[in-house]
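The values are calculated or read from the model by the stated rules, or taken from the named source; none is laboratory data. The shown structure was predicted, so the numbers you read here are calculated from the model rather than taken from an experiment. We place every Cβ from the backbone using ideal geometry, glycine too, and count neighbours over all the protein chains shown. Side chains included, ligands, DNA and RNA excluded: accessible areas come from the protein's heavy atoms. Shrake-Rupley method; radii C 1.70, N 1.55, O 1.52, S 1.80 Å.
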Amino acid sequence: MTIANTATRRPVVLRASKLCKVYEMGEVSVHALKDVDLDLYEGELLVLLGASGSGKSTLLNILGGLDVASSGSLFFQQQGREQELSRASQTELTNYRREHVGFVFQFYNLIPSLTARENVALVTDIARSPMSPEEALELVGLGPRMHHFPAQLSGGEQQRVAIARAVAKRPHILLCDEPTGALDASTGRLVLSVLDRVNRETGTTTAIITHNAAIGEIGDTVVRMSSGEIVERHHNTQRANVEDVQW
Amino acid sequence: MVGPRRSGHAFERLTASLALRPLNRKLLRECWHLKGQMLSIALVVATGIMTVVTMRGSYESLIGAQQRYYTDMRFADVWTSLRRAPESLREQIEAIPGVALADTRVGLLATLDLEGLDAPAQGRFVSIPETGRPVLNDILVKRGRYVEPGAPDEVILSEKFANARGLNPGDTIRAIINGRSRELDIVGIAISPEHTYAVPPGSLLPEDDRYGVLWMGRRALGPAYDMDGAFNEAFIKLSPGANELAVIDALNRLLAPYGGFGAYARRDQASHVMLQGELDQNRVMGTAMPAVFLGVAVFLLHLVLGRLIATQRGEIAVLKAFGYHDWEVGRHFLMFAVVAVFVGATIGTVGGIMLGDAYIGVYRQYFDLPDLEYSLSPGLLLVALLVSVSGAFSGALGAVRKAASLPPAEAMRAEPPARFEPGLLEQLGIGKLLPASGRMILRNVERKPLQAFLSSLGVAFSVAILVIGTFMFDGVNHLIDLQFRQIQREDITVSFLQNLSGGVRHDLARLEGVTRVETYRMAPARLRFGHWSRETAIQGMEADGQLRRIITATGGVQPLPADGLVLSRVLADRLRVTTGDTVVVEMLEGRRQITSVRIAGIVEDFLGVSAYMNIDALHRLTGEHDVISGAYLSVTESERSALNLELKQIPAVAGVASPASMLASFEQQMAQNIFISVGFLVGFASVIAVGVVYNGARIALSERGRELASLRVMGFHRREVAVLLLGEQGIITMLAIPLGWVIGYGLAWMMVQGLQTDTFRIPYVVAPRTYMLSALVTILAAVASGLAVRRRLDSLDLISVLKTRE
C-alpha cells in the first residue's frame, strides 16, 4: 500500500525556486537560505533534516507564509489555481495561513485559557470546511480528554492537541517544526505516529523538521540541509513504521 | 519575553561611554527599551508630586503671606463698635487685663455720588491718625501717599474699589457726609486686612464697584459726624496668653453704657472670615487632592511595577545562575522603581513649581495679600518623595522577592501553562453564548480576579478624580439656581442707613415702577446655647413674603413659623442646636433685651449664615413696633434705571443691591477658583487612566505574546488578535467606570464637608453630565493607550516568539 513510488507523479502543492533569505544583522549579512529549489507534492510526507542553523526552520517559515524570501519565487498551487506567495501582502499571507496551512511547533503554543476542544474550535471557527473539533481530537486519540485545559495535560497530550488544532481545518499543508523536540522518545514516537496517521488518512501534505536523522525513515522524501543549502535529497521506497524507528 | 526593537544608537553610545557596570548598563538600556511604560509610570509619580507641590505648596504660601500681612498691619484680635464714647475711655480699655494694645477710631457709612452709576454707591469712611500711623489695623498704601495733617479733604481709597471705578490719586470723589455733599481729594490707594473683602450692608458678597472703603484723617472725619474727641469703634491686641473671652466680656461691660454693639474676636471679623473661608477651602483642596493623587500614584506604582518585574522572571533566574546574590538582583530591579520615581519626581517638582507659581499669580489678583510669593518647603517635597518611593518599592519588592526566591533552574524554565477553569460566569451558562475569543478574555479576567480588580480600581480613580474635579460646577449651578432664582426673587434690595418706621413701605410702593414691596428687619443679636455662642443678624421677614422665601436644599419652600427662629444648618451646627431647642437671644441694639427663643426649624442653605424670624416676632424681641431696615422690591424692568436714580437721591437709603449684580460678582468669585482646577484634573486623570491601561496592555502583551503570536500563525488577522488583547483592558475600563462613579460620589461628599465655610457651602449635587464626562475622558485615554499598544501588536515578530521558550 505504499505510495512512495508514485509520489513524483502527483501534483505539486508548493513550488519553491531559487529561494534566498538574507538577514541583515547590523553590519553583517547572514545568508540563511541560498538558492533553494524544492517541490512539495500532494499527500507527500517530507522530512527536513539538518543541524541547528542549517536554514530548515527559515525554509519552513517561508513555506508557511510566516516569513518572506529575500529573493526567488514560491508558488502555492491548488485545484489548478496558482498563488505567488513570494509577492503576497501581509493580509494575503494571513489568509493563506488561515485557509491552507496547519502548524505544529516544538512548544505546543496552546492557549492556556482554552480547553483542548476550545483550542481546536478556535481554528475550526474561522475555517471554511473544517472537521468538528471532536473529530480532530478523536483523530489524535484525545477524545476523552477534550474538556481538559492545557495545564491538565501532559506534554505529549498537549502536542497532540496542537496537531488536532492544526489538522482540524483540513489544511492542504501541515508544517511541523521539531514536533518531538520537547518530548521523550516514547512520547515522541506516539506524536509521530499521529502525524503519520493523519498524513495517510487525510492525505494532507506534511513537512516535518527535525535534527533527528532516524525520523527521516518515516518520510516519503528526506531532504538534508546545511548552511542554508539543500545538500541531499532522497526518496524512501518504503516508509518505515514509526514503531520501528529507534533513537 | 517579547523583545522590544533595539533602537537609539545615541543612547547606546552614551551608556557605553559612561563605563558603567554591566548590571547598571542593563538597567539603563532596559529602562530605555521600556521607555513607554517607564514614562507612563513616571508621569503618574509626577502627577502625585505635582499636586502636592502645586496645591499644598500654594496653600502654604497663602497662609504664610496672610500671617505676614496680619503681623505687619497689626491686625486686631478683638473688635467692637458702639454709638459714641469719649476718647478718654481708651485708657480704661487699655487697662483691661489681657489687653496689650488698644486703638479707637471713627467709622461710618456714607453715600458716594459717582458718575456713570445709576444706583447709589456706598463708602465706608474709616478714620486714621493724620500724624503717625494707626496703633492697630494699619493700612498698606500701594500708590500715592498717606494723608497729611491740616488737609481735611484728603482721602485714601481701597484698592479694589479704586480699580473697579478707575479712580487714581489726584482724582476727586464726591460723598454725602452727614447730609452735606463734599468733594474729596484722593491722595492714595491702599489695602488693609480688615477689608480684604468689603461686603456692603445687606449683601452677602463684595460688590467692588458699588462699595469701597475711604480712609480719612480723624480730625477731618470726627467733627463731620459729631465725633470730635470721641470714637465709635475700638480694637484690642491681646497680650500673649490672654483670655480672649474674659477680655470680650470686660470690654462689653465697659462699653454697654455707650451703646456698645458687642465685641467679637478676629475669627468673627467679616473680611477675615471670608479670607479664612477661602484659605480653608484651599487647604481642603490642597490636602485632599494631593492625598488622593499621591495615593493613586503609589497604588499604580505598586500595581504596574510589580507586574513589570514579574515579566522579568527569566532574567532574574539567569542573573542568579551567574552567581549574583539575591540582594544584588533585588537591588537591580528595585532600581527600576528608583528610576521611575526619580524621573517622575523631577518632572513633578519642576512642573509643580511652575504651576504653583502660576496658581499664585492668579491668587495674587484674587486674594489681595501683599508679598504673596510661591515658596516650596523642602519638608513637603521630601514627604511627597518618600511616599512615592515607598509605594514604588512596595510594588517592586513583592515581585522581586517572588522571582528571586525560585531556584535559578526552575525560574529559567518556562512557567507551566497557567491554570484555567471555567469561571463563575461560565458555570452560569454565559460562556456558551460567547465565541472562543470571548471566553479567552473572560477567563483571563476571571483567572486573576484580584489583578483585574486592582487594575479596575486604578482606572476607577481616574474616573473618580474627574467626578470630584467637575462636580463643583454642578453644585454651583444648583446653588445659583436656588439662591438667585428661588430665594432672592426681588429685583432690588433697598437698605436704609438707619431703621425706619414701617410706614416707609407705602412711600416705596408709590415710586414709579415698583410693583411689590416687602420689608425686612435686620437685628444684630448674639445667640447662645450652653457654652456656644455666635453673633449674627436676625432677619425678620414678612410672614406671607413672596420675594424672599426660605428654600430648603431640596428646593421646597419652608414656611416661616409665627414664632421662633429658623437657622442655617451651619449656624445650628456651630451652636449644637436642633429643632425644638431653646436658645438665649441677646439683642445687640436698642434696649438689648435678652430672651429665650425656640428653634422652629433648620434649613440647609448654601450662602451666608442666616437666622430667620417672622418680622412681628422679631419686633417683640427688640421691643420695637414696626421698624424696618430695608425692603425687597419688584420693579417693572423698563423703570429700573429711573428707579435706581430716584432711590439714590433719597438720603435715608444706604444701599441698593440687585440679585443680578450679586450673581455677577458671585460667578466671578467662584469661577476662577473652580476653572483653574479643571484643566489640571482632566490632564491628571488621563495620566492615571493611561498609566493603568497602557501598562496593563503592554504587560499583557509580554505575558501573552506567544499566545497571540500562535493565533496570528494560525491565520488570525491583526484586528482579531487585538480584540483578544485589548478586550481585557476594555472590560477593566468598563468595570472601572461605575466603580469610579461610586468612589467619586464618596470623595465628593467628603469634599463638600471639608469645603463648608460661613460664606459658602457647595451643594452636594452630581449631575449626569459630570458622570458622562468622567466616563468619556477615561474611555478616550484608554482607547489612546490601546491604540498605542496595538501598534506593537501589529509588529509582533511571529517567528522569534514561537521559537523561543519564554
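Going by the conditions given, is A:G102 of a type outside the set (V, I, T) and away from chain B (no Cβ under 14 Å)?
Working: of a type outside the set (V, I, T): yes; away from chain B (no Cβ under 14 Å): no.
The answer is no for A:G102.
With respect to (1) of a type in the set (G, A, S); (2) part of a helix (DSSP H, G or I); (3) more than 8 Å from chain B (Cβ to nearest Cβ), the lone exception for A:S52 is condition (2).
Might you check whether a residue that is among the small types (G, A, S), part of a helix (DSSP H, G or I), more than 13 Å from chain B (Cβ to nearest Cβ) and under 16 Å from the mean Cα position of the chain (by Cα) occurs anywhere in region A:173-188?
Initial filter on region A:173-188 (among the small types (G, A, S)): A:181-182, A:185-186, A:188.
From the residues that got through so far, the ones that are part of a helix (DSSP H, G or I) too are A:185-186, A:188.
This time we only want the ones that are more than 13 Å from chain B (Cβ to nearest Cβ), so: A:185-186, A:188.
Next, from what is left, pick out any that are under 16 Å from the mean Cα position of the chain (by Cα): A:188.
Yes, region A:173-188 contains at least one residue that is among the small types (G, A, S), part of a helix (DSSP H, G or I), more than 13 Å from chain B (Cβ to nearest Cβ) and under 16 Å from the mean Cα position of the chain (by Cα).
Contact annotation: residue pairs with Cβ atoms under 6 Å, 6 or more positions apart or on different chains, pairing a residue in region B:589-608 that is in contact (Cβ under 8 Å) with a residue 12 or more places away in the chain with a partner that is among the basic types (K, R) and surrounded by fewer than 20 Cβ atoms within 10 Å (Cβ to Cβ), are B:I602/B:R569; B:E604/B:R569.
I want to confirm something. Restricting to region A:140-158 and keeping residues that are in a helix (DSSP H, G or I) and touching a Ser or Thr at 6+ places or on another chain (Cβ under 8 Å), which single residue is farthest from the other protein chains (Cβ to nearest Cβ)? Spell out the reasoning first.
Residues of region A:140-158 in a helix (DSSP H, G or I): A:143-145, A:150-152, A:155-158.
In the following step, the residues that additionally are touching a Ser or Thr at 6+ places or on another chain (Cβ under 8 Å) were identified as A:155-156.
Values: A:G155: 10, A:G156: 14 Å.
So, considering only residues that are in a helix (DSSP H, G or I) and touching a Ser or Thr at 6+ places or on another chain (Cβ under 8 Å), the one farthest from the other protein chains (Cβ to nearest Cβ) is A:G156.
Just so you know, in region B:405-460 the residues that are more than 30 Å from A:V123 (Cβ to Cβ) and either at pLDDT below 65 or touching a strand residue (DSSP E or B) at 6+ places or on another chain (Cβ under 6 Å) (or both) include one that is least open to solvent (accessible area, probe 1.4 Å), and it is B:A411.
Between A:V47, A:V123, A:V68, A:V36, the distinction of being under 20 Å from the mean Cα position of the chain (by Cα) and in a helix (DSSP H, G or I) belongs to A:V123 only.
Can you spot a residue in region A:73-94 that is without any contact (Cβ under 8 Å) to a residue 60 or more places away in the chain, within 12 Å of chain B (Cβ to nearest Cβ) and buried (at least 20 other Cβ atoms within 10 Å of the Cβ)? Scanning region A:73-94, I find at least one residue that is without any contact (Cβ under 8 Å) to a residue 60 or more places away in the chain, within 12 Å of chain B (Cβ to nearest Cβ) and buried (at least 20 other Cβ atoms within 10 Å of the Cβ), so the answer is yes.
Scanning region B:686-706 for residues that are of a type in the set (A, V, I, L, M, F, W, C) and under 14 Å from B:Q312 (Cα atoms) yields B:I699, B:A700, B:L701.
The C-beta contact set for region B:238-257 (first residue modelled with pLDDT of 90 or more, second residue part of a helix (DSSP H, G or I) and β-branched (V, I, T), distance under 7 angstrom, 6+ apart or interchain) comprises B:L238/B:V247; B:L251/B:I93; B:L254/B:I93. Looking only at region B:551-569, residues that are of a type in the set (A, V, I, L, M) and open to solvent by 10 Å² or more (accessible area, probe 1.4 Å) come to 4 in all. Considering region B:528-593, the qualifying strands (runs of 3 or more DSSP E), each wholly inside and each with 3 or more residues that are closer than 22 Å to B:F484 by Cα, run over B:532-541, B:565-568. Against the list (1) over 23 Å from B:A657 (Cβ atoms); (2) open to solvent by 50 Å² or more (accessible area, probe 1.4 Å); (3) among the small types (G, A, S), the condition B:A164 fails is (1). Number of residues in region B:128-143 that are open to solvent by 10 Å² or more (accessible area, probe 1.4 Å) and touching a Leu at 6+ places or on another chain (Cβ under 9 Å): the value is 1.
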